[in-house]
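Peer 1: For reference, the structure I am asking about is given below.
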Amino acid sequence: MHYETLFQEIHRELQLIGEIGQVADYIPELAYVNPDQFGVHLTTVGGEEFAFGDAEKRFSIQSIAKVFTFVLAYSRVKSTIWERTGLEPAGTPFNSLIQLEYDKGIPRNPLINAGAIVICDILASELASPKENILSFIRRITGNQSIDYNSKVALSEKKTGYRNYALVNLMKSFGNIKNDIDKVMEIYFHICSIEMSCKELSQSFLFLANNGIVPYSGERILSVSRTKRVNALMQTCGFYDEAGEFTFKVGLPGKSGVGGGIVAVHPEKYAIAVWSPRLNKKGNSYKGMLFLEEFTTKTRSSIF
Ligand code: GLN
């Protein structure tokens, strides 16, 4: 399959619809990004790579990092994780407080902000140096030692993170945060600030397409059963209140971030990452979603 020609073709089609959507400016540092960049990278489990556009340019991965931290926690604390977070779709925006009060401080799932903050709390208890340990985990599964936090972005989020502080305080009041709030939020804001390219993202997610094993190193990250479950969570919860729409149109498990990135996985076949910073009203990449919709339709590679 000549994916590169197809990437060009779909990109050309998307140019016709013009530039719709806005970059995330509620995090001031993200507002400086050139909104018209576009990249895509696909890596197959067999090691083939296909790229188009700004595929090697790093950007803020934001909520995509929630998959990495969840996987790391899940691989260490096993099933007790489900005492601290649910596994149902939220149906509300990523930073919503409404459901959390009803559910007595137990987030609906680990891929919304509240859930990811609980996971950071678990990692704060589990790991000796959480920030360093999380980063080395991501570097290891990507096979790239230069991946790093952007401290300017982390600080920008901290200064304006009123809703995230509201979430962590509410959960602390229900006893679902064990560590000091500042320690937990330091981890949360940093994981959101990690910068990776589409190439690196597609490589780092490949173990989820490969039954839990990193293809380059042979390292097992998760069991086959847990890998299936992570993919199921991404399918039902990876796009907040647009998870149904993504499933309907694209039909792959995936995760988005407000930096404009989306990663999606086809079990046994490939991982693909797309980046286009303009977001739709739900905080997901406008063109990224359209691109993947066209891609899975044209290649008949939706899982449905
Ligand atoms: N850092 C962002 C926040 O906490 C992550 C949100 C996202 O990417 N959807 O608001």
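The values are calculated or read from the model by the stated rules, or taken from the named source; none is laboratory data. The structure presented is a predicted model; accordingly, all values stated were derived computationally and were not measured. Counting neighbours? That spans all protein chains shown, and the Cβs are built from the backbone with ideal geometry, glycine included. Remember, those area values only see protein heavy atoms, side chains included, never the ligands or the DNA or RNA. Shrake-Rupley method; radii C 1.70, N 1.55, O 1.52, S 1.80 Å.
Peer 1: Can you run down the residue pairs with Cβ atoms below 7 Å, 6 or more apart or on separate chains, where the first is in segment 70-94 and among the acidic types (Asp, Glu) and the partner is open to solvent by less than 30 Å² (accessible area, probe 1.4 Å) and not in a helix (DSSP H, G or I)?
Peer 2: Matching pairs, first to second residue: GLU88/ASN109.
Peer 1: A follow-up question, please. Kindly establish whether ASN231 is open to solvent by 10 Å² or more (accessible area, probe 1.4 Å) and touching a Leu at 6+ places or on another chain (Cβ under 7 Å).
Peer 2: Judged against the criteria, ASN231 is a match.
Peer 1: Tell me which of these PRO215 doesn't satisfy, since it passes every other one: (1) in contact with a strand residue (DSSP E or B) (Cβ under 9 Å, 6 or more places away or on another chain); (2) open to solvent by 20 Å² or more (accessible area, probe 1.4 Å); (3) within 16 Å of the ligand (Cβ to nearest atom).
Peer 2: Result: PRO215 passes all but (3).
Peer 1: Also: Kindly establish whether ILE112 is within 15 Å of the ligand (Cβ to nearest atom), open to solvent by less than 50 Å² (accessible area, probe 1.4 Å) and either of a type outside the set (Gly, Ala, Ser) or under 24 Å from ASN231 (Cβ atoms) (or both).
Peer 2: So ILE112 fits the description; yes.
Peer 1: Determine if segment 142-162 includes at least one residue that is within 11 Å of the ligand (Cβ to nearest atom), surrounded by fewer than 16 Cβ atoms within 10 Å (Cβ to Cβ) and closer than 28 Å to THR236 by Cα.
Peer 2: Within segment 142-162, one or more residues are within 11 Å of the ligand (Cβ to nearest atom), surrounded by fewer than 16 Cβ atoms within 10 Å (Cβ to Cβ) and closer than 28 Å to THR236 by Cα.
Peer 1: Can you tell me which residue is least open to solvent (accessible area, probe 1.4 Å) among those in segment 165-180 that are without any contact (Cβ under 8 Å) to a residue 60 or more places away in the chain and over 20 Å from ILE81 (Cβ atoms)?
Peer 2: Ranking the qualifying residues of segment 165-180, first place goes to TYR165.
Peer 1: Out of everything in segment 248-258 that is touching a residue at least 40 places away in the same chain (Cβ under 8 Å) and more than 16 Å from the ligand (Cβ to nearest atom), what residue ends up being most open to solvent (accessible area, probe 1.4 Å)?
Peer 2: Applying the filter and picking the extreme gives LYS249.
Peer 1: Kindly provide the set of residues from segment 14-38 that are away from the ligand (no atom under 16 Å from the Cβ) and assigned to a helix (DSSP H, G or I), ordered by number.
Peer 2: Across segment 14-38, the qualifying residues are LEU14, GLN15.
Peer 1: Oh, and also: Considering HIS41, HIS11, which residue is more than 16 Å from the ligand (Cβ to nearest atom), modelled with pLDDT of 95 or more and open to solvent by 30 Å² or more (accessible area, probe 1.4 Å)?
Peer 2: HIS11
Peer 1: On the given criteria, is LEU100 in contact with a Pro (Cβ under 8 Å, 6 or more places away or on another chain) and either more than 16 Å from the ligand (Cβ to nearest atom) or in contact (Cβ under 8 Å) with a residue 60 or more places away in the chain (or both)?
Peer 2: Yes; evaluated as a whole, the condition is true for this residue.
Peer 1: Take the residues of segment 266-304 that are hydroxyl-bearing (Ser, Thr, Tyr) and surrounded by fewer than 23 Cβ atoms within 10 Å (Cβ to Cβ): which is nearest to ILE112 (Cα to Cα)?
Peer 2: Filtering segment 266-304 for residues that are hydroxyl-bearing (Ser, Thr, Tyr) and surrounded by fewer than 23 Cβ atoms within 10 Å (Cβ to Cβ), the one nearest to ILE112 (Cα to Cα) comes out as TYR286.
Peer 1: In segment 51-107, which residue that is among the charged types (D, E, K, R) and under 15 Å from the mean Cα position of the chain (by Cα) is surrounded by the fewest Cβ atoms within 10 Å (Cβ to Cβ)?
Peer 2: The selected residue is ARG58.
Peer 1: Please determine, by comparing only the residues of segment 269-295 that are small (Gly, Ala, Ser) and within 16 Å of the ligand (Cβ to nearest atom), which one is farthest from GLU9 (Cα to Cα).
Peer 2: My answer is GLY283.
Peer 1: So which helices (runs of 4 or more DSSP H) stay within segment 56-174 end to end and still have 2 or more residues that are more than 29 Å from ALA31 (Cα to Cα)?
Peer 2: By residue number, 65-77, 98-102, 113-126, 130-142, 162-173.
Peer 1: Let me ask something else. Looking at this structure, is SER129 open to solvent by 10 Å² or more (accessible area, probe 1.4 Å), out of contact with any helix residue (DSSP H, G or I) (no Cβ under 7 Å at 6 or more places or on another chain) and within 15 Å of the ligand (Cβ to nearest atom)?
Peer 2: Here the answer is no, as SER129 does not meet what is asked.
Peer 1: Can you find, within segment 230-247, the residue that is nearest to the ligand (Cβ to nearest atom) among those that are under 13 Å from the mean Cα position of the chain (by Cα) and among the aromatic types (Phe, Trp, Tyr)?
Peer 2: Once the filter is applied, the top-ranked residue is TYR240.
Yes/no per residue for (1) among the hydroxyl-bearing types (Ser, Thr, Tyr); (2) within 14 Å of the ligand (Cβ to nearest atom); (3) under 16 Å from the mean Cα position of the chain (by Cα):
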| residue | (1), (2), (3) |
| --- | --- |
| HIS190 | no, yes, yes |
| PHE205 | no, no, yes |
| LYS228 | no, no, no |
| PRO267 | no, no, no |
